[in-house]
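The values are calculated or read from the model by the stated rules, or taken from the named source; none is laboratory data. Computed from a prediction, not measured in an experiment: that's the story for all the values here. Here the Cβ positions follow ideal geometry from the backbone for every residue, glycine too, while neighbour counts run over all protein chains shown. Heads up: the accessible areas ignore ligands, DNA and RNA and are worked out on the full protein's heavy atoms, side chains in. Shrake-Rupley method; radii C 1.70, N 1.55, O 1.52, S 1.80 Å.
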Amino acid sequence: MEELFGNFGQLLSSTIRNATPLIFAALGGMFSERSGVVNIGLEGLMLISAFAGVVGAFLSGSALVGLGTAMAAGLAFALIHAVMTITFEADQIISGTAINLLALGGTGFLMVEVFGSGGTSPNVQGFSAVRIPLLADIPLLGPALFNQSLLVYLMYALVPTTYFVLFKTPFGLRLRGTGESPEAVDTAGVNVFRMRYYGVALSGILAALGGAYLSMGILSAFTENMTNGRGFIALAALIFGRWHPVGAAGAALLFGFAQAFTFQAPQDVVPLEFLQMLPYVLTLIVLAGFGGRAIAPAAVGKPYRKE
């Protein structure tokens, strides 16, 4: 029985760790798409932020400084996407794809420039697990939920905070209105372009938290292409969760469980190659089964032209 509980606890803890970067990115994508801008560049925003966080921590010796540089990088690249799509009305899918390609090639190039070689960076100061007294003593669930990195606890707080901001504040009402009917919002005196900039900027900051968690929470180093499709999985979680913070977090936990299962399943029974593709197969199944039924914000992907 103790072994069974121990295995369950390890699986739950691994699920939380794998879901955390997905939840950060999905929440970020929600702000962007709720404002009317598709952000397929979440993958690139996570990757460049993971790299910037490690560089900041490497140069300063501080994980908090690294987190700051990660968020700054995510914001900067998100604003590039915003300028291209909101101001210059570039195709949002193409702009996001360009962000992804730029991040993939740019981090590979900068790895050599900054650290002298590609592959994996030197180890840096990361965010180690912080045990919360009393809560961590709860049988079965406590060690898995409350012996985690500070960024995981931040994720716990951000899900209800995001819900409150989107659905209980004037800012959230304006943001959602911008993604549904920008003409009506404009008539009410709200600056549509500014609200969309806010949405995309928030997506960059939140995706940066996901990238920083990968390189300074799960690992303490940057490896090339370490996001490995997580930005696209976060997009799938966003769609599966119907652009709602709780739904997106729940979907991300499902994908996190699939990733955790690949490490826990007996490899002598199930081929390793099959286990490794499980999260991506699940993504395809979710998009095929639920993507068509999910109703996106009415104006998402459509540039707004003020009359």
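Relative to its residue count, region 69-184 spans a Cα convex hull of 183 Å³ per residue. The base-10 log of I(q)/I(0) for region 89-139, evaluated at q = 0.19, 0.26, 0.27 Å⁻¹, reads -0.75, -0.98, -1.01 [Debye formula, identical scatterers on Cα atoms, solvent excluded]. Placing R0 at 22 angstrom, the Cβ-Cβ distance between Val130 and Tyr163 gives a FRET efficiency of 0.35 after rounding to 0.05. May I ask you to list the GluC sites (Glu not before Pro) in region 1-92 that are in a DSSP loop and have at most 15 other Cβ atoms within 10 Å of their Cβ? Hits after loop and neighbour filter: Glu89.
Under the criterion of Cα pairs below 8 Å and six or more residues apart, the relative contact order for region 105-257 equals 25 percent. Fully extending the segment from Thr187 to Ser62, taken as 0.36 nm per residue of separation minus the present Cα-Cα distance, adds 40.3 nm. If the segment from Thr120 to Arg305 were pulled out straight at 0.36 nm per residue, it would be longer than the present Cα-Cα gap by 62.1 nm. Heavy-atom accessible area, probed at 1.4 angstrom with all protein chains present, ranks Ile23, Ile94 as Ile94, Ile23, highest first. Under the criterion of Cα pairs below 8 Å and six or more residues apart, the relative contact order for the chain equals 36 percent. Considering only trypsin sites (Lys or Arg not before Pro) in DSSP loops that have at most 10 other Cβ atoms within 10 Å, the longest stretch of the chain without any of them is 1-292.
Our Cα-only numbers for region 183-239 put the radius of gyration and Dmax at 16.2, 49 Å.
When a/c is below 1.5 the answer is rounded, else prolate if a/b is larger than b/c, else oblate, so apply that to region 115-167 with a ≥ b ≥ c taken from the square roots of the Cα gyration tensor eigenvalues. It is oblate, given that a/c is not under 1.5 and a/b is not larger than b/c. The spacing between region 69-118 and region 185-247, judged by their C-alpha centroids, is 13 Å.
Kirkwood radius, the chain, all distinct C-alpha pairs, inverse of mean reciprocal distance: 19.7 Å.
Pop out the carbon and sulfur fraction of the accessible area of region 37-91 as a percent, whole number, probe 1.4 Å. After summing per-atom areas, the C and S share lands at 79 percent. Ranked by solvent-accessible area (1.4 Å probe, protein heavy atoms only, all chains present), the residues Thr223, Thr20 order from largest to smallest as Thr223, Thr20.
Using the Cβ of Leu79 as centre and a radius below 14 Å, the other residues enclosed give a net charge of +2, where K and R count +1 and D and E count -1. One decimal place: the segment Val83-Phe274 gains 64.7 nm when fully extended, by the rule 0.36 nm per residue minus the C-alpha distance. Projecting the Cα atoms of Ser35, Val192, Ala237 onto the dipole axis of the chain, where Lys and Arg carry +1 and Asp and Glu carry -1 at the beta carbon, places Val192 farthest toward the positive end. Rounded to the nearest 500, the helix-only mean residue ellipticity at 222 nm of the chain stands at -23000 deg cm²/dmol, with each DSSP H run of n ≥ 4 adding -39,500 (n - 2.57).
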